[in-house]
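Enquirer: Handing you a structure now.
The values are calculated or read from the model by the stated rules, or taken from the named source; none is laboratory data. The structure presented is a predicted model; accordingly, all values stated were derived computationally and were not measured. Neighbour counts run over all protein chains shown; Cβ positions are idealised from the backbone, glycine included. Note: accessible area is taken over every heavy atom of the protein model, side chains too, but ligands, DNA and RNA are not part of it. Shrake-Rupley method; radii C 1.70, N 1.55, O 1.52, S 1.80 Å.
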Amino acid sequence: METKIPYLMNTWYAASLATEVGPVALFHRKILDTTVMIYRKQDGTPVALHDRCPHRFAPLHLGKRVGDEVSCIYHALRFDCSGKCTHNPHGKGKIPEAAKVRSFPLVERYGFLWIWMGEEPADPALLPDFGELDEGHPNGVAFTYMHMRANYELIIDNVMDLSHIDHVHGEIITTRGQLSPLIPKLRETPASVTARWEWKQTPALLIFANFLADPKAEARHFFDITWTPPANIQLSVGAVQGEQPLTLDDCVGQYDLHTATPETSGSTHYYFATRRNHIADDGDYNKMKIAAMHAAFENEDGPIIEAVQGEMDTADFFSLNPVLMTNDVAPVKVRRLLQRLIAQEATSFTPS
């Protein structure tokens, strides 16, 4: 029997896109092997509770709203936003002391609802700053969600190693063979890994070429990709014709966030957000672009990653003795660092 792969617990995971949780509905999603119900109070504040009544274990999302409280569909026990039982319609109405539902801290930021699943007090300072998503015209940013039948670390691998794009994706983002031979430059901290590529190609990446002075001419490009725990990858990419620096401030480009939240060891909630710095007010272009990027993930990356998961049949990547190459430097660094952080958390946590 396979040993359970632990998760980093005392950290923030994306629980949903902010737009997925409406003003009335009881939204639900499994996160880190735990069923979670999310809804908004009447003032819009999001709430997260374990999606399980402590009486007969009926999913609470099947119940109904009673103001800011939730009534279980099975026997009508009612719970408030903290998970405390406030109403028992049976017998003399005595509320058992154990009639409690665990609540989870939520933070709404950068277009997402972030959840803290750990036992330690939630620390808002541990949520990285993705404030770039909030800046600029509302038609310049877009979000999407995918459910993937694969371990979340395989998704991290895929984004931290972009040498695959010439082999997996179509003409729209080909580097014309320039990326695969390159070894990215790494920057590391105790809690992050960054990989950077710089290259030239003719013409530019087609997602940017028409926004450059000469769409058919050579352009300089960069990828700058930073992983932070537990599974956030901020990716900046841009192109320029000229001698200005390779930064988003000086290039035609976009600021992306990939974040992956384990559902189980073999399935993942995959979220993506992107903000571009060109034609940012064009709503039709925005819809087209996010639809195309979603399709690329779902139809090109996704089937390969899910096939890898099926072939591995384990979440323990290194137990299979993989052949490692130069393009693996960044994802391997991330895997090793995440292992260390999980091990450190396991040794430092003292149950209350």
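Enquirer: Could you point to the label whose value was computed as Rg and Dmax of the Cα atoms in Å for the structure here, given (1) 22.4, 80; (2) 20.5, 63; (3) 20.6, 67?
Expert: For Rg and Dmax of the Cα atoms in Å, the calculated option is (1).
Enquirer: Moving on. Strictly under 4.7 angstrom between C-beta atoms: which cysteines of the chain have no such partner?
Expert: Cys81, Cys85, Cys251
Enquirer: Between Leu126, Leu113, Leu257, which gets the highest mean-square fluctuation from a Gaussian network model of the chain, Cα cutoff 10 Å?
Expert: Leu126
Enquirer: Using θ = phi - 60° and the Karplus relation 6.51 cos²θ - 1.76 cosθ + 1.60, list the HN-Hα couplings for region 130-136 in order, rounded to whole Hz, with x at every Gly or Pro.
Expert: Calculated HN-Hα couplings, in order: 10, x, 4, 5, 8, 8, x Hz.
Enquirer: Net charge near Leu126, counting Lys/Arg +1 and Asp/Glu -1 over other residues with Cβ under 14 Å of its Cβ?
Expert: -3
Enquirer: I'd like the distance separating the alpha-carbon centroids of region 187-211 and region 9-55, in whole Å.
Expert: One Cα centre to the other: 35 Å.
Enquirer: Once phi is turned into θ = phi - 60°, what whole-Hz ³J(HN,Hα) does the Karplus curve with 6.51, -1.76 and 1.60 give for every residue of region 56-61, x standing for Gly and Pro?
Expert: 10, 6, 5, x, 5, 5
Enquirer: In the chain, how many lysine pairs have Cα atoms under 20 Å apart, counting only pairs 8 or more places apart or on different chains?
Expert: Qualifying lysine pairs in the chain: 15.
Enquirer: Sort region 1-55 into rounded, prolate or oblate with this rule: let a ≥ b ≥ c be the square roots of the eigenvalues of the Cα gyration tensor; rounded if a/c is under 1.5, and if a/c is not under 1.5, prolate when a/b is larger than b/c, oblate otherwise.
Expert: Prolate.
Enquirer: Explain nothing, just the number: relative contact order of the chain, from Cα pairs under 8 Å at least 6 residues apart, as a whole percent. Write out the running numbers ahead of the final one.
Expert: Details: 685 pairs, mean separation 63.3, N = 352.
Relative contact order here is 18 percent.
Enquirer: Please work out the FRET efficiency for the pair Lys64 and His147, using the Cβ-Cβ distance as r and a Förster radius of 25 Å; give the result to the nearest 0.05.
Expert: Once the sixth-power term is evaluated, E becomes 0.45.
Enquirer: Related question: Give the long-range amide H neighbours of His87: residues separated by 5 or more places, or on another chain, with amide H under 5 Å away, using H modelled in the peptide plane at 1.01 Å from N.
Expert: Arg78
Enquirer: Mind ranking His164, His147 by accessible surface for me, highest first, 1.4 Å probe?
Expert: Numbers: His164 30, His147 85 Å².
Reading off the accessible areas and sorting them downward yields His147, His164.
Enquirer: What number, rounded to the nearest 500 deg cm²/dmol, is the helix-based mean residue ellipticity at 222 nm of the chain, given -39500 (n - 2.57) per DSSP H run of at least four residues and division by all its residues? Walk me through the numbers on the way to the answer.
Expert: Details: 6 runs with 62 residues, N = 352.
Result for the chain: -5000 deg cm²/dmol, rounded to the nearest 500.
Enquirer: Please give the charge dipole size of the chain, origin at the Cα centre, charges +1 on K and R Cβ atoms and -1 on D and E Cβ atoms. Round to the nearest 20 debye.
Expert: Details: 32 positive and 44 negative charges, 278 e Å.
Dipole of the chain, to the nearest 20 debye: 1340 debye.
Enquirer: How far is the Cα center of region 253-326 from the Cα center of region 68-122, in Å?
Expert: First find each Cα centre; the distance between them is then 33 Å.
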